[in-house]
Structure formats: C-alpha cells, structure tokens
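**Q** Sharing a structure here in structure tokens format.
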C-alpha cells in the first residue's frame with residue numbers, strides 16, 4: 001500500500017461542514033448524506049467536503065483534535081513517553097495535509113497546526129525507527145505495534161521487511177546444514 005492509497009482511505013473519514021446551499025438527502029452506496037440546509041452543520045466524508053469547498057459551497061469545520069492546544073498536549077505526551085501515544089485520528093497526518101492544502105482559510109492557526117502535526121509525525125517516526133533498530137538488533141521474533149497509524153506503518157514497512165529478510169538469510173547461512181553427509185564409513 002502506498003501513501004496515495006492511505007490518503008484515499010483517509011478521505012472516507014467524516015468531517016463537519018456548514019453548507020451554503022439547500023439540497024435533500026444524497027443517496028450513496030456508502031450511506032445517505034444530508035439533508036443540506038444553509039448554516040446547519042452536517043457530517044460528510046472528507047472527499048465530499050473538499051469537493052464542495054473547492055466549488056465554494058461550504059465551510060469546513062476542522063475536527064475537534066485539530067486545535068493548537070490539543071496538538072501541543074499530544075506532542076508533549078509523545079515526547080515524554082517511550083511508547084507511542086494514542087492519536088485521536090488514525091489518519092491525522094493525511095487529514096491535516098488534505099484540509100490545510102484545500103481549506104486552510106477555514107482552520108484557525110493553520111500554520112501552527114501544520115508545524116505541530118509535523119513535530120508529532122517526526123517524533124513518532126523517530127521512535128518507530130529506534131524500535132525497528134532494537135527489534136532487529138535483539139533478533140526479536142515479534143513486535144507489538146500499538147497506537148501506530150497506517151501511514152506510519154507504511155513508511156517503515158519496506159525497510160523493516162527488507163532488514164528482516166536479510167537477517168533471516170544471514171542466520172540460515174550461518175547454521176550448519178542438517179542434511180550434510182557424514183564422512184564416517
């Protein structure tokens with residue numbers, strides 16, 4: 001799975017919009033959306049919110065967690081704890097990127113939010129690399145990946161799998177073969 005596929009999954013997350021148009025319910029395979037009334041908040045998938053925003057048909061309300069104070073708490077908690085802290089959205093990085101790229105005018109303190117999310121991301125990826133390094137160094141058999149997002153797993157998956165495959169090959173080449181013929185007659 002590549003980052004664009006993870007972003008596609010993130011676009012299915014629900015976000016609140018405030019429409020400036022009237023429309024009855026929209027009946028989609030994934031479920032019904034609406035009705036849409038001017039000034040009344042309604043929850044829609046991110047892909048629809050971005051589409052409506054680009055056509056200037058709504059204002060996007062940022063998710064509850066996309067707040068400077070809450071993100072500072074998460075960043076500080078992430079820096080203090082050795083394990084991965086709980087993240088309020090499994091797609092925090094993707095949603096931040098999408099919403100700030102397409103609706104930054106609807107998000108207060110957008111630049112600060114972008115910086116905080118990048119700090120959280122960098123801290124978590126550094127922890128993940130350290131964890132992967134110790135996992136390989138200690139030749140562990142399994143790892144626990146609590147509180148990691150799909151994008152974080154995908155960023156280190158290739159490196160980790162390649163490293164483990166090389167370690168496996170090295171270990172199997174070092175062990176004597178059991179089917180080797182004895183020279184005893």
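Yes/no matrix, rows are residues, columns are (1) touching a strand residue (DSSP E or B) at 6+ places or on another chain (Cβ under 7 Å); (2) under 27 Å from residue 118 (Cβ atoms); (3) free of Cβ contacts under 8 Å to residues at least 40 places away in the same chain:
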residue: 11; (1), (2), (3): yes, yes, no
residue: 17; (1), (2), (3): yes, yes, no
residue: 23; (1), (2), (3): yes, no, yes
residue: 26; (1), (2), (3): yes, no, yes
residue: 34; (1), (2), (3): yes, no, yes
residue: 47; (1), (2), (3): no, yes, yes
residue: 54; (1), (2), (3): no, yes, no
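**Q** Something else now. Filter the stretch 59-73 down to residues that are in contact with a helix residue (DSSP H, G or I) (Cβ under 6 Å, 6 or more places away or on another chain) and part of a strand (DSSP E or B) and give me whichever is nearest to residue 15 (Cα to Cα).
**A** 60
**Q** Right, another one. What number of residues in the stretch 121-158 are over 17 Å from residue 97 (Cα atoms) and outside any helix (DSSP H, G or I)?
**A** Total satisfying the criteria: 11.
**Q** May I pose another question? Among the residues of the stretch 12-22, which ones are surrounded by fewer than 17 Cβ atoms within 10 Å (Cβ to Cβ) and either at pLDDT below 95 or farther than 9 Å from residue 38 by Cα (or both)?
**A** Once the filter is applied, which keeps residues that are surrounded by fewer than 17 Cβ atoms within 10 Å (Cβ to Cβ) and either at pLDDT below 95 or farther than 9 Å from residue 38 by Cα (or both), the stretch 12-22 yields 12, 14, 16.
**Q** Looking at this structure, is residue 70 exposed (fewer than 11 other Cβ atoms within 10 Å of the Cβ) and farther than 20 Å from residue 7 by Cα?
**A** The answer is no for residue 70.
**Q** Identify the single condition in (1) touching a strand residue (DSSP E or B) at 6+ places or on another chain (Cβ under 6 Å); (2) closer than 21 Å to residue 117 by Cα that residue 65 does not satisfy, given that it satisfies every other one.
**A** Result: residue 65 passes all but (1).
**Q** When both residues are 6+ apart or on different chains and their Cβ atoms are under 6 Å apart, which pairs have a first residue that lies in the stretch 99-121 and is in contact (Cβ under 8 Å) with a residue 24 or more places away in the chain, and a second that is surrounded by fewer than 18 Cβ atoms within 10 Å (Cβ to Cβ)?
**A** Final answer for the pair search is 109/68; 112/68.
**Q** Would you mind finding the one in 105, 76, 43, 111 that is farther than 18 Å from residue 148 by Cβ, out of contact with any helix residue (DSSP H, G or I) (no Cβ under 8 Å at 6 or more places or on another chain) and in a strand (DSSP E or B)?
**A** 43
**Q** For the stretch 89-100, check the following and say yes or no: at least one residue is assigned to a loop (DSSP other than H, G, I, E, B), modelled with pLDDT of 95 or more and at positive phi.
**A** No: the stretch 89-100 contains no residue that is assigned to a loop (DSSP other than H, G, I, E, B), modelled with pLDDT of 95 or more and at positive phi.
**Q** Next question. Please name all residue pairs, on different chains or six or more residues apart, with Cβ atoms under 7 Å, provided the first residue is in the stretch 163-180 and is on the phi < 0 side of the Ramachandran plot and in a helix (DSSP H, G or I) and the second residue is at pLDDT 80 or above and exposed (fewer than 10 other Cβ atoms within 10 Å of the Cβ).
**A** Filtered contacts from the stretch 163-180: no entries.
The values are calculated or read from the model by the stated rules, or taken from the named source; none is laboratory data. Owing to the predicted nature of the structure, the values given are computational and were not obtained by experimental measurement. In this analysis, Cβ positions are derived from the backbone assuming ideal geometry, glycine residues included, and neighbour counts consider all displayed protein chains.
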